[in-house]
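Visitor: One structure, as structure tokens, below. Some questions next.
The values are calculated or read from the model by the stated rules, or taken from the named source; none is laboratory data. These numbers come from a predicted model, not from an experiment. Backbone-built Cβ (ideal geometry, glycine too); neighbour counts: all protein chains shown.
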Amino acid sequence: MQTPTAEARIFAADRLRAAAEAVFRAVGCPEREADAVAAHLADANLCGHDSHGMIRVLPYVKALQRGYFRAGREVAVVREAPALVVLDGAMGLGQPLANAATDRACALAAASGTGTVLLRRAGHVGRLGAYAERAAERGMASILFCNAPRPGGGVIAPWGGIGRRLGANPIAMGMPRPPAPPVVLDFSTSYYAVGKLRVARNKGELLPEAAVIAADGTPTRDPNAYFGPPEGAMLPFGGHKGYALNVFTDLLAGFLSGGGADYPPPGSDEQGGNNLMIVAIAVEQATDPAWLASALANYAAWVKSATPLDPARPVVLPGEPEAATRARRSVEGVPLDSRTIAQVNEAAALVGLSRPL
């Protein structure tokens, strides 16, 4: 059982979801929208992605109150072809818009074998891997690209440079693997997601590695060097290769959708929105399901049979750490640091509610 410390408390995921839903209902979101956002945030904490969980409640509320995000928006079709749809989210809250876009891509794939949906002008969509999981539940393999234009401005220094020019730009992929959880890749093309810097800053911790380049060009583990003043920048993961993937995420999610990639300064620490490219592939139309199930099981067993470098950390496939954390935290509860708790309670106060946590 996890033991709460002076810096953290343990909550049931249902309590986190209820707290977030109450806040979003109070700020003016319809019931279904508030539930979709709250469910996504609570599940992000549940599976261990605290950077995309309850820590986002306060930034979302502030974005709604200043009119940058809009409650109650639905996706609108901009362009449509047999296996391609372009949608506009009109800066509604990102999770329900991205759910709708994912479902639309899956419907296209069910009809045509594959389907692509481009979603522009969505609010922050949260943990990108959640949509790969959603597609996998519908029997679809998936590839997702996501960019994040202003108001946040750039967060990443280009390879070989100093200063913010690019977004964090995550990429996700998913592959159904019944009866096991799907294989899910979900990573930012920055060294870390900016939310993970916020978590480290909230906890007063150093980063595991020197993922930030300070304003003077010095690599550092201190998350405060990113936020400044003077502000630093995140490094791309994987050197020039991660930088190239970052650029193509802007090209595919930002420019193809028509949402763009507007990162010039001045930036801010306020919550920005997202553009998405979602490609779904109907697995049963691509290959024989019985063969695939057997082949994937054999493949997983072979890969995971490798002797681990650390006996306490066996080899796993992408997505398995999240599945294991979700199972553990469902029983033990979800730890939240004191600053994140205070931020959720601040969001509640902004919308006239008493402290939910």
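Visitor: If you check 180, 210, which single one turns out to be out of contact with any Gly (no Cβ under 9 Å at 6 or more places or on another chain), part of a loop (DSSP other than H, G, I, E, B) and under 26 Å from residue 45 (Cβ atoms)?
Guide: Numbers: 210 fails: under 26 Å from residue 45 (Cβ atoms).
Unique residue meeting the criteria: 180.
Visitor: Can you find, within region 309-322, the residue that is farthest from residue 133 (Cα to Cα) among those that are of a type in the set (A, V, I, L, M, F, W, C) and modelled with pLDDT of 95 or more?
Guide: Our first condition is that a residue be of a type in the set (A, V, I, L, M, F, W, C); within region 309-322, this holds for 309, 312, 315-317.
Now restrict to residues that are modelled with pLDDT of 95 or more: 309, 315-317.
Values: 309: 29, 315: 21, 316: 17, 317: 14 Å.
By that ranking, first place goes to 309.
Visitor: Collect the residues in region 326-345 that are charged (D, E, K, R) and free of Cβ contacts under 8 Å to residues at least 24 places away in the same chain, keeping them in residue-number order.
Guide: In the first step, residues of region 326-345 are kept if they are charged (D, E, K, R); the result is 326, 328-329, 332, 337, 339.
Listed by number, the list holds a single entry, 328.
Visitor: Would you say residue 306 is surrounded by 14 or more Cβ atoms within 10 Å (Cβ to Cβ), at pLDDT 95 or above and either part of a loop (DSSP other than H, G, I, E, B) or not β-branched (Val, Ile, Thr) (or both)? If you could, list the steps in order and put the result at the bottom.
Guide: Details: surrounded by 14 or more Cβ atoms within 10 Å (Cβ to Cβ): no; at pLDDT 95 or above: yes; either part of a loop (DSSP other than H, G, I, E, B) or not β-branched (Val, Ile, Thr) (or both): yes.
Judged against the criteria, residue 306 is not a match.
Visitor: Turning to a different aspect of this structure: Just to verify a result, which residue in region 258-273, among those that are in contact with a helix residue (DSSP H, G or I) (Cβ under 8 Å, 6 or more places away or on another chain) and modelled with pLDDT under 90, is farthest from residue 228 (Cα to Cα)? Spell out how you get there, then give the answer.
Guide: Here is the first cut: in region 258-273, the residues in contact with a helix residue (DSSP H, G or I) (Cβ under 8 Å, 6 or more places away or on another chain) are 259-261, 269-271, 273.
Now drop any that are not modelled with pLDDT under 90, which leaves 269-271.
Numbers: 269: 11, 270: 14, 271: 17 Å.
Top of the filtered list is 271.
Visitor: When you look at residue 174, is it in contact with an Asp or Glu (Cβ under 9 Å, 6 or more places away or on another chain) and in contact (Cβ under 8 Å) with a residue 12 or more places away in the chain, yes or no? Break it down stepwise before answering.
Guide: Numbers: in contact with an Asp or Glu (Cβ under 9 Å, 6 or more places away or on another chain): yes; in contact (Cβ under 8 Å) with a residue 12 or more places away in the chain: yes.
Yes: the conditions hold for residue 174.
Visitor: Oh, and also: When both residues are 6+ apart or on different chains and their Cβ atoms are under 8 Å apart, which pairs have a first residue that lies in region 346-357 and is modelled with pLDDT of 95 or more, and a second that is among the hydroxyl-bearing types (Ser, Thr, Tyr) and assigned to a loop (DSSP other than H, G, I, E, B)?
Guide: Sorted first by the residue in region 346-357, then by its partner, the pairs are 348/354.
Visitor: So which pairs qualify, if the first residue must be in region 61-73 and in contact (Cβ under 8 Å) with a residue 24 or more places away in the chain and under 15 Å from residue 88 (Cβ atoms), the second must be hydroxyl-bearing (Ser, Thr, Tyr) and not in a helix (DSSP H, G or I), the Cβ gap must be under 7 Å, and the two must be at least 6 apart or on different chains?
Guide: Nothing qualifies.
Visitor: Tell me, please, whether a residue that is touching a residue at least 24 places away in the same chain (Cβ under 8 Å) and small (Gly, Ala, Ser) can be found in region 301-318. Full working, then the answer.
Guide: In the first step, residues of region 301-318 are kept if they are touching a residue at least 24 places away in the same chain (Cβ under 8 Å); the result is 317-318.
If we keep only those that are small (Gly, Ala, Ser) as well, we get none.
Scanning region 301-318, I find no residue that is touching a residue at least 24 places away in the same chain (Cβ under 8 Å) and small (Gly, Ala, Ser), so the answer is no.
Visitor: Can you list the strands (runs of 3 or more DSSP E) lying wholly within region 21-136 that have 1 or more residues being surrounded by 22 or more Cβ atoms within 10 Å (Cβ to Cβ)? Steps first, please.
Guide: Numbers: elements: 76-81, 84-92, 114-122.
By residue number, 84-92, 114-122.
Visitor: Next question, about the same structure. Please determine, by comparing only the residues of region 103-130 that are among the hydroxyl-bearing types (Ser, Thr, Tyr) and touching a strand residue (DSSP E or B) at 6+ places or on another chain (Cβ under 6 Å), which one is nearest to residue 252 (Cα to Cα).
Guide: Filtering region 103-130 for residues among the hydroxyl-bearing types (Ser, Thr, Tyr) gives 112, 114, 116.
This time we only want the ones that are touching a strand residue (DSSP E or B) at 6+ places or on another chain (Cβ under 6 Å), so: 114, 116.
Details: 114: 17, 116: 11 Å.
The selected residue is 116.
Visitor: Please pick out the residue among 100, 83, 63 that is more than 14 Å from the chain's Cα centre (by Cα), more than 22 Å from residue 260 (Cβ to Cβ) and not aromatic (Phe, Trp, Tyr).
Guide: Details: 100 fails: more than 22 Å from residue 260 (Cβ to Cβ); 63 fails: more than 22 Å from residue 260 (Cβ to Cβ).
Being more than 14 Å from the chain's Cα centre (by Cα), more than 22 Å from residue 260 (Cβ to Cβ) and not aromatic (Phe, Trp, Tyr) holds for just one of 100, 83, 63, which is 83.
Matching residues to (1) closer than 19 Å to residue 147 by Cα; (2) touching a Lys or Arg at 6+ places or on another chain (Cβ under 7 Å); (3) of a type in the set (Phe, Trp, Tyr):
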position	(1), (2), (3)
11	no, no, yes
20	no, no, no
47	no, yes, no
66	no, no, no
72	no, no, no
92	yes, yes, no
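Visitor: Is it the case that some residue within region 143-150 is modelled with pLDDT of 95 or more and assigned to a helix (DSSP H, G or I)?
Guide: No - not one qualifying residue is present in region 143-150.
Visitor: I've got another one for you. If I filter region 10-17 for residues that are in contact (Cβ under 8 Å) with a residue 24 or more places away in the chain and closer than 19 Å to residue 94 by Cβ, do I get at least one hit?
Guide: Of the residues in region 10-17, the ones in contact (Cβ under 8 Å) with a residue 24 or more places away in the chain are 10-17.
Cutting the leftovers down to closer than 19 Å to residue 94 by Cβ gives us 16-17.
Yes, because at least one residue in region 10-17 is in contact (Cβ under 8 Å) with a residue 24 or more places away in the chain and closer than 19 Å to residue 94 by Cβ.
Visitor: Going through 200, 172, 168 one at a time, which residue ends up being within 24 Å of residue 60 (Cα to Cα) and either at pLDDT 95 or above or among the hydroxyl-bearing types (Ser, Thr, Tyr) (or both)? If you could, list the steps in order and put the result at the bottom.
Guide: Details: 200 fails: either at pLDDT 95 or above or among the hydroxyl-bearing types (Ser, Thr, Tyr) (or both); 168 fails: either at pLDDT 95 or above or among the hydroxyl-bearing types (Ser, Thr, Tyr) (or both).
Being within 24 Å of residue 60 (Cα to Cα) and either at pLDDT 95 or above or among the hydroxyl-bearing types (Ser, Thr, Tyr) (or both) holds for just one of 200, 172, 168, which is 172.
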